[in-house]
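Let me begin by presenting the structure, written as structure tokens, before commenting on it.
The values are calculated or read from the model by the stated rules, or taken from the named source; none is laboratory data. Remember, predicted model here, so these are calculated numbers, not experimental data. Note that each Cβ is placed from the backbone with ideal geometry, even for glycine, and that neighbours are counted across all protein chains shown. Accessible surface is based on the protein model in full, side chains and every heavy atom, while ligands, DNA and RNA are left aside. Shrake-Rupley method; radii C 1.70, N 1.55, O 1.52, S 1.80 Å.
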Amino acid sequence: MRIQAIIKRVIRQFLRDKRSIALMMVAPLLVMTLLWIVLDMEDYVPTIAVTDAPQPMQEALEEQDASILESDAARGKIALENENADAHLLFDNNRSELTMEGSNPTATSAVQNVISSAVKQLNPNAPDLNVSFLHGSSDLNLFDNTGSVLIGFFVFFFVFIIGGVSFLRERTQGTLERMMATPLRRWEIVAGYLLGFGIFIIIQSIIIAAYSIYVLDIYMAGSFLSVLVITFLMAITALSLGTLLSAYAKNEFQMIQFIPVVIVPQVFFSGVFPIESVEWINAIGKIMPLTYGADALKAIMIRGEGLNVVTVDIAVLIGFSIGFIILNIMALKRHRTL
């Protein structure tokens, strides 16, 4: 009888907590669906700029489902620099040279497979092509290619959780209500918390980026200071989002329940998995802040670009932060009345 009483109490408790039921029943289905989407896509079709390639070679490449972009040497190089082509295959006086763009491991692997199959189709005994890389090198491993995205993800994830839970505790412990009873305005409270956390965000960004680059030796072609700027912007975005969502949580457990809905989808659509070949999946990633941070970090760390090249990503991250801060101020007015 006592066991039955415990069972009934647990059942009633779960039935009252709709979020926990949704987390148990719906969240696994959501994650499995996302995995199915990103892992069950069609093979990537590489775009190869060709210059003075023999007709049999072009036909062999097309038979391997490559997209061919005929160009002269100068335009082929520009197409590679503008990421309109994944590789440039140049033939000059019976000499062939293949230049990889190199910043996208999926595209690089697809080009290598297509070129290798086409060459073997024409001449099984042909010597290997002379291959060079515009960005990176043939020594880049999976961790080098995804490391820049992982730096942004872990900064975003931990700031989101710690910032959200900390702000939630301020409310549940009554500290927030006491502050709202003072002449402080709501925007001043939000700004104070963001700036207070900002000190630790800067320290966290420096530690994570420095450890990843100088201890784990992730490939780094750009400026360390530029990496810090992007990780700091991502942390501010995560902090403003976490404090916003904490307004809709009653305890720490409910704050954790936002992870499958808010954080996990961003992992799948931000660049860790190759989704470039499906436009509608790629479009989903455009509404997620982690996508822009990951794009900027990849441009800096793998392609060696400066902050002037990733101004769009920076502007979008700042826009997300401002939007979340405004919504947080509105949430304070609506949900945290005295």
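A few notes on this one:
- The one condition from (1) surrounded by fewer than 16 Cβ atoms within 10 Å (Cβ to Cβ); (2) at pLDDT 80 or above that Ala181 does not meet is (2).
Each row is one residue, and each column tells you yes or no for (1) of a type in the set (A, V, I, L, M, F, W, C); (2) open to solvent by less than 30 Å² (accessible area, probe 1.4 Å); (3) part of a helix (DSSP H, G or I).
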{"residue": "Tyr219", "(1), (2), (3)": "no, no, no"}
{"residue": "Ala235", "(1), (2), (3)": "yes, yes, yes"}
{"residue": "Phe253", "(1), (2), (3)": "yes, no, yes"}
{"residue": "Val272", "(1), (2), (3)": "yes, no, no"}
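Here's the yes/no breakdown for (1) among the hydroxyl-bearing types (Ser, Thr, Tyr); (2) closer than 24 Å to Met301 by Cα; (3) not assigned by the TED database to the domain that holds Met288:
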residue	(1), (2), (3)
Leu168	no, no, no
Thr172	yes, no, no
Ser212	yes, yes, no
Ala221	no, yes, no
Gly242	no, no, no
Gln254	no, no, no
Phe258	no, no, no
Pro265	no, yes, no
Val272	no, yes, no
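- Every test in (1) out of contact with any Pro (no Cβ under 9 Å at 6 or more places or on another chain); (2) within 19 Å of Phe143 (Cα to Cα); (3) not charged (D, E, K, R) is passed by Gln266 save one, and that test is (1).
- Residue among Ile314, Ile326 that is touching a residue at least 40 places away in the same chain (Cβ under 8 Å) and either β-branched (Val, Ile, Thr) or not in a helix (DSSP H, G or I) (or both): Ile314
- The lone exception for Asn141 - which of (1) closer than 21 Å to Val264 by Cβ; (2) loosely packed, with under 13 Cβ neighbours inside 10 Å; (3) over 16 Å from the mean Cα position of the chain (by Cα) it fails: (1)
- Residues in region 117-135 that are among the small types (Gly, Ala, Ser) and within 22 Å of Asn145 (Cα to Cα): Ser132 only.
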